[in-house]
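Reviewing the structure listed below.
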Amino acid sequence: MMNIFKKKTIIDSSKIDNNKIPNHIAIIMDGNGRWAKKRKLPRTFGHRAGVEALRDIISTASEIGVKNLTLYAFSTENWNRPKEEVSALMELLVEYLKKEVEELNKNNVKINTIGDIEGMPDYAGEEINNAKELTKGNDGLAVNIALNYGGRNEIIRGIKKLHKDLVENKINVEDLQPNVFSSYLDTANISDPDLLIRTSGEYRLSNFLLWQCAYTEFWFTDKYWPDFTGQDLILAIQDYQNRIRRYGGI
């Protein structure tokens, strides 16, 4: 069994300021298929290697005091992939949760999800709910897994919830402000990302956290996700700490 808190690499966090650790880091874990293709392996091997990469990332994030880690695991558009690959991804998710949830719970990690979870296969949804229930009392690192998630889909679902409350006079339209609308999104109880990381050399959001990333700092790397390590996370945080966040001001 993979122990997610036994990192493959030893990290050097001496060059980051422990008082300026981003509260919320979001990651677009991209490049599993290309990683496998480069090695003349089936795409499923890349996805499995991508799960292994979580070992360093979750452990490192927990160790340095990140509060929220949001991972883009399966998008609303991913259903368009071949059925065999989708099935393999669902089975891999279930396998991962079954193997790791006890260790995550022991290390005070809380599992959350964002996305339309009701659209997931029943067997996957059951395992997701079991993991969330077991870890719900933890107050360490919150790992928010984006499953059947799309930013546009999330906003539309949020609008529908808002409309229902408007019709039922639970809210007045005059009271609608950005922070109010945020409360209707999947991330209602999560602060907006301070830092978004995307692997594999792509430079786009791909329908991820569109509302929440209005003032997020972006960091890109050419590394495919399976090659991304805890030390790479430290480098991203180091770069983030050297930036000045103005939020539209001077």
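Can you give the Rg and Dmax of segment 148-250 based on its C-alpha atoms, in angstrom?
Cα only, segment 148-250: 17.0, 51 Å (Rg, Dmax).
Scan the chain and report its longest stretch carrying no chymotrypsin sites (Phe, Trp or Tyr not before Pro) that are both in a DSSP loop and have at most 10 other Cβ atoms within 10 Å.
Maximal segment without exposed cleavage sites: 1-202.
Hey, if you put +1 on the Cβ of every Lys and Arg and -1 on every Asp and Glu Cβ in segment 169-212, which of SER191, TRP211, ASN169 ends up farthest toward the positive end of that dipole?
Farthest along the dipole direction, towards plus: TRP211.
Assuming 0.36 nm per residue, please report the length gained on full extension of the stretch GLU103 to ASP175 beyond their Cα-Cα distance.
Extending this stretch completely gives an extra 21.5 nm.
Pulled fully out, how much extra length does the chain show between ASP165 and ARG81, if you take 0.36 nm times their separation in residues and subtract their Cα-Cα distance?
Fully extending the segment from ASP165 to ARG81 adds 26.6 nm.
Using the Kirkwood radius built from alpha carbon pairs, what does the Stokes-Einstein equation give as D for the chain at 25 °C and 0.890 mPa s, in µm² per second?
My calculation gives 129 µm²/s for D.
For segment 88-117 and segment 9-26, what is the separation of their C-alpha centers, rounded to whole Å?
Computed from Cα coordinates, the inter-centre distance equals 23 Å.
Students often forget the sequence filter, so: which aspartates and glutamates lie under 16 Å Cα-Cα from LYS136 once same-chain residues fewer than 8 apart are removed?
Result set, ordered by chain and number: GLU100, GLU102, GLU103, GLU126, GLU127.
For segment 140-243, which GluC sites (Glu not before Pro) are in a loop by DSSP, counting at most 16 other Cβ atoms within 10 Å?
GLU168, GLU202
Considering segment 187-240, what Rg and Dmax in Å follow from its alpha-carbon atoms?
Rg and Dmax of segment 187-240, Cα atoms, are 11.7, 32 Å.
Determine by what factor the alpha-carbon radius of gyration of segment 77-194 differs from 2.2 N^0.38 Å, reporting the quotient.
The value comes to 1.23.
If you stretched the chain out fully between GLU202 and ARG39, how much longer would it get, using 0.36 nm times the residue separation minus the C-alpha to C-alpha distance?
This chain segment gains 56.7 nm when fully extended.
Filter the trypsin sites (Lys or Arg not before Pro) in segment 36-79 to those in DSSP coil with at most 15 other Cβ atoms within 10 Å of their Cβ, and list the result.
ARG39, LYS40
Cut-off 10 angstrom, C-alpha nodes, Gaussian network model of the chain. Which of LEU41, LEU210, LEU235 fluctuates the most?
With Cα springs under 10 Å in the chain, the top fluctuation among LEU41, LEU210, LEU235 is at LEU41.
Read-outs throughout are calculated quantities, based only on the coordinates presented, and are distinct from any laboratory measurement. On a predicted model such as this, the values are computed, not experimentally measured, just so you know. Note that we place each Cβ from the backbone using ideal geometry, even for glycine, and neighbour counts take in every protein chain shown.
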